[in-house]
1. Hey, among Val83, Val76, which residue is at negative phi, more than 12 Å from the chain's Cα centre (by Cα), in a strand (DSSP E or B) and hydrophobic (A, V, I, L, M, F, W, C)?
2. What residue, of Ser100, Ser111, Ser138, is modelled with pLDDT under 95, closer than 30 Å to Gln154 by Cβ, of a type outside the set (Phe, Trp, Tyr) and touching a strand residue (DSSP E or B) at 6+ places or on another chain (Cβ under 9 Å)?
3. Within the range 66-84, identify whether any single residue is touching a helix residue (DSSP H, G or I) at 6+ places or on another chain (Cβ under 6 Å), modelled with pLDDT under 90 and surrounded by fewer than 17 Cβ atoms within 10 Å (Cβ to Cβ), and answer yes or no.
4. Kindly indicate whether any position in the range 144-159 is in a strand (DSSP E or B) and at pLDDT 85 or above.
5. Of the residues that sit in the range 133-145 and are touching a residue at least 12 places away in the same chain (Cβ under 8 Å) and surrounded by fewer than 17 Cβ atoms within 10 Å (Cβ to Cβ), which one is nearest to Glu93 (Cα to Cα)?
6. Quick check on Ser105: is it in contact with a Gly (Cβ under 8 Å, 6 or more places away or on another chain) and modelled with pLDDT under 90?
7. Restricting attention to the range 120-140, which residues are within 10 Å of the chain's Cα centre (by Cα), within 19 Å of Val32 (Cβ to Cβ) and not hydrophobic (A, V, I, L, M, F, W, C)?
8. With the requirement that a residue be part of a strand (DSSP E or B), hydrophobic (A, V, I, L, M, F, W, C) and touching a Lys or Arg at 6+ places or on another chain (Cβ under 9 Å), what does the range 120-143 give you?
Amino acid sequence: MRVWQALALASAMLTGGIEPTLTARCLIYVSVSEDFEKSDAVFAGKVIAEEYRPLKTPTEAVLSDLVVIPQGPAEVLTVRFAVEKWWKGGKSEEVTLHTSFIRYSEALSSSMAEDFRFSLGERYLVYAFKVSDNLRTSVCKRTKKLELVGEDLQKLGEGKAPEK
């Protein structure tokens, strides 16, 4: 993070809110087969719920030498899907993804620009990876709205329905 970004972040903290979005974006094209291989789970599903859940351990994220997000109780935004098809990593009818959106007790929040933004009620093809036993995704994966993934579905094949 550049010094001006750290100062802007510190200013946001002092004015009662924090919404850091780092400017890094993924510009490298990744093929369907490469992303499939690197993913722990690949599925298609509809977003049926978003909710904040307590983090299991207190967090402290150092964003630079100048700015530290408070340590202590925090909640992470999770996104729950009704799974329509699996290609890798699961069989269940529902799956929950963790995001980088963190809400702290002091009415502060943080997120990473690389986090994929889901919309309630929309259908997606998700390429997910595990972090501390939780599934996550990012804009660096091939995760997209289902209507935009023709090439992916063609290369992934039929997939399997979730088990009841």
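The values are calculated or read from the model by the stated rules, or taken from the named source; none is laboratory data. For clarity, every value in this text was computed on a predicted model and none was experimentally measured. Note: ideal-geometry Cβ built from the backbone for every residue, glycine included; neighbour counts use all protein chains shown.
1. Just a single option satisfies the conditions, and that option is Val83.
2. Only one candidate passes the filter, namely Ser138.
3. Within the range 66-84, one or more residues are touching a helix residue (DSSP H, G or I) at 6+ places or on another chain (Cβ under 6 Å), modelled with pLDDT under 90 and surrounded by fewer than 17 Cβ atoms within 10 Å (Cβ to Cβ).
4. Yes, because at least one residue in the range 144-159 is in a strand (DSSP E or B) and at pLDDT 85 or above.
5. Across the range 133-145, the extreme among qualifying residues is Asn134.
6. For Ser105, the condition - in contact with a Gly (Cβ under 8 Å, 6 or more places away or on another chain) and modelled with pLDDT under 90 - is met.
7. Thr137, Ser138
8. Leu125, Val126, Ala128, Phe129
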